[in-house]
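The values are calculated or read from the model by the stated rules, or taken from the named source; none is laboratory data. Predicted, not measured: the structure shown is a model, and the values here were computed from it. Glycine also receives a Cβ, built like all others from the backbone with ideal geometry; neighbour counts cover every protein chain displayed.
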Amino acid sequence: MNIRVAVIGVGALGRHHARILGELPEVELAGVADINESRAREIGGLVNVPWVTNPAEMLGRVDAVTIAVPTESHLSVALPFLQRGTAVLVEKPLARTLSEAQQIIDAAAASGAVLAVGHTERFNPAVEAVRPLVDHPRFIEVHRLGTFPDRSLDIDVVFDLMIHDLDVVLSIVASGIVGVEAVGVAVLTAKPDIANARLKFASGCIANITASRISKDRIRKIRIFQRDAYLSVDYAAQEVERWRLVKGNGARPAIEGGRLAVVQEEPLKRELADFVAAVREKRAPGVTGADGMRALELAQRITEAMQQG
């Protein structure tokens, strides 16, 4: 039986949710919702499904929803569905505050509803390809630079862009964070548009993460340095390189490596397919509410460190 899914919020990102869900097997795209009537009508017409301006009209009519509304509305939109036991995927960040995030998590736990968080880079084929190769990283360098957006200006660059990489780094470094240093600069908005964070883990690993939404070029890369090896991931190109120091038989050490094979696919499609499978199989999704909370908590620590700096 098909899983009935609705998309709430069909702006820059949500319209892609609708497109992909309309193409996934064993999924019935049951409708779209957006407070902007012309946008709801437009996207509903493009994917040939009913549209509404009030998400509450979807209650009781669907098995799952994906929520791509502004962060400030995540709690109010998600809560009624979770309380009814309807599965929910909330775009990152999970919520505006840790308190709101906890309310979302508690509602899902109380009803048994599947709760997923849209940290799409976790489903990037390049990230999935490099994950098995990561072994006690010592230094991680991340750059996520983009041009000025026409969306997500209700949050700063840490919650808008950097949080993608915070989630990825937290997923590959199995250690607690013992130190956070950060600086942020508001250039074009009232909130920081460029930020840098230096994270120190109990394992000794250092992660240096830079995010900007005011850059001329688009760069999305993560570099991982560990004993006798270097790993490089280009998120956008979905490319992975691995270089290793090879020692043998008394000969001089040699550096070997190069680009690894990666089967390219749209990360959002993989994320939504995982969410639908989690609903069908009644299992935890690839990125859980707890994962979303960890990334949000770290983003909050970085924001506080920027304010103190």
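Structure notes:
- Output for the stretch 79-99, where each listed residue is more than 19 Å from THR120 (Cα to Cα) and under 18 Å from the mean Cα position of the chain (by Cα): THR97, LEU98
- Any chance LYS191 is assigned to a strand (DSSP E or B) and either outside the structural domain of PRO93 (by TED's automatic domain parsing) or within 24 Å of GLU241 (Cα to Cα) (or both): no
- Close pairs (9 angstrom Cβ cut-off, 6 or more residues apart or separate chains): touching a residue at least 12 places away in the same chain (Cβ under 8 Å) and among the small types (Gly, Ala, Ser) in the stretch 212-227, part of a loop (DSSP other than H, G, I, E, B) and buried (at least 17 other Cβ atoms within 10 Å of the Cβ) anywhere: SER212/GLY146; SER212/ASP193; SER215/GLY146
- Condition met for VAL90 (in contact with a His (Cβ under 8 Å, 6 or more places away or on another chain), buried (at least 17 other Cβ atoms within 10 Å of the Cβ) and either part of a strand (DSSP E or B) or outside the structural domain of ARG280 (by TED's automatic domain parsing) (or both)): yes
- Hey, VAL49 without any contact (Cβ under 8 Å) to a residue 40 or more places away in the chain, surrounded by 21 or more Cβ atoms within 10 Å (Cβ to Cβ), among the β-branched types (Val, Ile, Thr) and not in a helix (DSSP H, G or I) or not: no
- Checking each residue in the stretch 52-72 for being hydroxyl-bearing (Ser, Thr, Tyr), at pLDDT 95 or above and within 22 Å of the chain's Cα centre (by Cα) picks out only THR66.
- Among (1) of a type in the set (S, T, N, Q); (2) crowded, with 23+ Cβ neighbours inside 10 Å; (3) not in a strand (DSSP E or B) - the single one THR66 does not satisfy: (3)
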